[in-house]
Amino acid sequence: MIKMLSKSIREYKKESILSPIFVTLEVLMECLIPYYMVKMIDVIKVDNTLSNILIYSAILVVMAAFGLLFGMLAGKYAATASAGFAKNLRKDMYYKIQDFSFSNIDKFSAPSLVTRMTTDVTNVQNAYMMIVRVAVRCPIMLVFSLIMAFVINPKVSLIFLALIPILGISLIVIFKCVDPIFNRVFKKYDAMNESVQENIKGIRVVKSYVRDTYEKEKFSNAAEDVRADFLKGEKIIALSQPIMQFCMWAAITLICFLGTLFAIKNGQDNSSEISSLIVYAAQILSSLTMFSMVLVMISISKTSTKRIVEVMLEESDLRNPEGEAVTEVKNGDVRFENVSFKYDPSAERCALKNVNLDIKSGMTVGILGGTGSSKTSLVNLIPRLYDATEGAVYVGDVNVKDYDIESLRNQVAVVLQKNVLFSGTIKENLRWGNPDATDEDLIRVCKQAQAHDFIMTFPNKYDTYIEQGGTNVSGGQKQRLCIARALLKKPKVLILDDSTSAVDTKTDALIRKAFREEIPDTTKFIIAQRVASVQDADLIITMNNGEISDMGTHDELLARNPIYQEVYYAQNKQSAQAEESTENVKNVESADKTVENSKDSASVKTAKTKKSTKAESSKKPAVKKASASSSKKTASKKPAAKKAVKEGKENE
């Protein structure tokens with residue numbers, strides 16, 4: 001474990017070595033100062049000339065100055081070494097996580113990985129700084145102070161040998177009790193971080209369902225669990241302080257008592273020895289106090305270290321083949337041979353069972369199926385996001401396990417179910433597909449993905465800033481940008497995993513038309529819920545419970561497959577009802593206009609009748625007849641209008 005972490009020290013080895021050296025020199029100065037104080041007092045008692053006072057005072061000042069200088073240098077190098085070590089450790093963990101497969105990431109939850117890279121690394125950083133400085137200082141101070149104490153007065157110094165074991169045993173017992181508490185508290189840290197991450201990701205859902213109070217209580221409970229365990233651990237650790245104080249004052253009291261007793265017995269003035277021994281007692285016990293702090297940090301960081309090493313030792317189950325790997329995908333042929341797949345090798349049930357497919361380059365393949373039918377699991381095996389448990393998957397007539405993973409994924413573009421955009425401009429997001437793409441390339445793929453028009457409506461066009469997660473664009477816009485990003489790779493195989501679900505049917509049709517015309521040689525896999533999105537495909541696969549239940553063209557499946565028929569007619573019935581409802585609304589509007597026109601016509605005729613001459617009065621019956629006929633027509637149209645309105649409402 002220590003060997004694994006020590007690899008992250010690297011360029012900070014010099015600072016890690018210099019810090020203990022300067023700590024040793026600092027301690028040496030601190031231990032020599034009390035010794036020379038005794039010498040100075042003894043000399044001044046005999047000869048209290050100014051020269052003696054100045055000489056010894058100068059020696060003490062120089063020692064103190066050097067002690068200060070060595071302490072500052074030790075602190076500087078310790079801080080540099082620990083900060084650099086933490087930087088390298090985070091970098092090593094991040095690079096390691098980048099190599100993880102989906103199954104490796106599934107093993108560690110996202111909140112747990114975040115905690116390990118932040119809180120755990122900080123704990124290890126603090127412990128490392130304490131080790132290279134304080135942990136070195138404490139034993140050296142303890143040893144040097146004991147030696148100097150025995151040099152001054154061996155009999156009185158036996159007090160230290162009696163108290164040190166008592167203090168040491170007490171500290172060991174305390175930290176044995178604390179260790180399991182800190183092991184438990186970091187698991188609760190993960191739960192708390194998970195609560196925060198979940199709330200922030202789903203903040204719109206929380207607000208729309210007015211679940212603020214529930215989320216606050218949920219976080220409060222998680223935070224309370226962390227607080228309770230930390231409080232329990234800190235209470236136990238706090239016992240070390242009164243024990244330390246007891247031992248320190250006991251040592252000082254015994255030194256004063258025994259020193260005075262021996263002075264009276266021997267008839268000598270040993271006040272200088274007693275004062276020096278008191279200073280050494282303070283140094284010895286303070287070094288043990290500092291050592292207890294080191295043990296606290298080590299106890300906390302021990303659990304953090306284990307969690308970091310778990311990540312560092314985790315090996316990706318997707319590795320490049322030994323020897324020379326294939327770096328070029330010849331074409332977009334895709335073949336599945338007796339493929340079965342489990343997410344967990346110990347699982348009893350397979351997510352995919354006995355899948356056999358042979359897709360030629362340039363074909364468009366539609367995949368339909370209910371929720372949980374393993375549509376996504378099927379296409380995830382093509383770019384080798386997971387490895388098949390049984391059987392083999394071939395792309396370009398080569399087993400995907402024989403490819404260099406990076407080369408394979410550069411030629412198999414996937415637009416995942418969860419569309420993710422990163423903070424940055426639209427150009428920066430699109431260039432994930434090809435860092436060297438020109439502006440003309442960006443416009444071309446955006447036109448294919450039907451994204452160009454809405455991009456041009458933004459004030460900054462392609463330089464528009466996208467917030468983290470794409471929160472400042474709609475779901476359909478986000479999907480089209482992700483499709484454009486995938487197209488920029490110029491892939492041999494393109495996989496759309498329900499990637500047009502938020503796009504209207506017209507735009508969906510335009511995207512598929514662009515695929516047919518612009519990238520005819522690219523093999524396209526389209527997972528969709530709408531039959532209209534895949535009915536023009538060369539092959540449609542229907543899936544159920546991880547198995548291919550049927551496959552064929554739209555006409556073939558419509559003729560023989562009852563599930564496909566049910567989905568098709570259900571979706572088309574809804575479309576027909578929507579069209580019929582629209583037609584009924586138009587009929588109602590037309591009927592209303594006819595009624596208004598009839599009323600206007602009748603009023604005009606009435607006005608003409610009043611102004612007619614006596615000669616035209618003979619034609620009055622004919623006018624009345626015409627008026628009656630018009631009224632009948634109007635009356636007959638009103639029920640028709642009401643009926644149309646009623647039908648429209650029912651259909652809606």
Option label - Rg and Dmax of the Cα atoms in Å computed here, alternatives (1) 30.6, 109; (2) 29.4, 104; (3) 41.8, 163: (3)
Extension gain from M456 to E315, taking 0.36 nm per residue of separation minus the Cα-Cα distance: 46.2 nm
9 Å beta-carbon shell around S340, net charge (K/R +1, D/E -1): +1
Computed label-point distance, nm, for sites D179 and A83 using a 7 Å Cα→Cβ extension: 3.3 nm
Projected-area average for the stretch 398-555 over all orientations - Cα convex hull basis, square nanometres: 10.4 nm²
Accessible-area ranking of S276, S286, largest first, probe 1.4 Å: S286, S276
Evaluated over the stretch 1-158, the Cα radius of gyration and Dmax, each in Å: 23.3, 82
Mean accessible surface per residue for the stretch 64-132, computed with a 1.4 Å probe while every protein chain stays in place, in Å²: 44 Å²
Within the accessible area of the stretch 320-414 (1.4 Å probe), percent carbon and sulfur: 42 percent
In nm, spacing of pseudo-spin labels at K216 and T371 (7 Å Cα→C-beta vector): 3.1 nm
Karplus-derived HN-Hα couplings along the stretch 13-22 (A = 6.51, B = -1.76, C = 1.60, θ = phi - 60°), whole Hz, x at Gly and Pro: 5, 4, 5, 5, 8, 5, 4, x, 5, 5
Fraction of accessible area attributable to carbon and sulfur, the stretch 120-189 (%, probe 1.4 Å): 76 percent
Segment K155-E518, extension gain: residue separation times 0.36 nm, minus the distance between their alpha carbons: 121.1 nm
Rounded accessible area per residue of the stretch 355-486, 1.4 Å, Å²: 42 Å²
Summed residue charge, Cβ within 15 Å of N544's Cβ, Lys/Arg positive, Asp/Glu negative: 0
Modelled FRET efficiency - R0 41 Å, S407 with E566, Cβ distances, 0.05 increments: 0.45
Most to least packed among 22-32, 481-491 [average Cβ atoms within 10 Å]: 481-491, 22-32
Beta bridges per DSSP with both ends in the chain, % antiparallel, nearest 5: 50 percent
Rounded accessible area per residue of the stretch 191-256, 1.4 Å, Å²: 68 Å²
Solvent-accessible surface (1.4 angstrom probe) belonging to E11, in square angstrom, nearest 10: 100 Å²
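The values are calculated or read from the model by the stated rules, or taken from the named source; none is laboratory data. Bear in mind the structure is a predicted one, so any value in this text is a computation, not a measurement. Virtual Cβ from ideal backbone geometry, glycine too; neighbours counted across all protein chains shown. Ligands, DNA and RNA are excluded from the accessible area calculation, which covers all protein heavy atoms including side chains. Shrake-Rupley method; radii C 1.70, N 1.55, O 1.52, S 1.80 Å.
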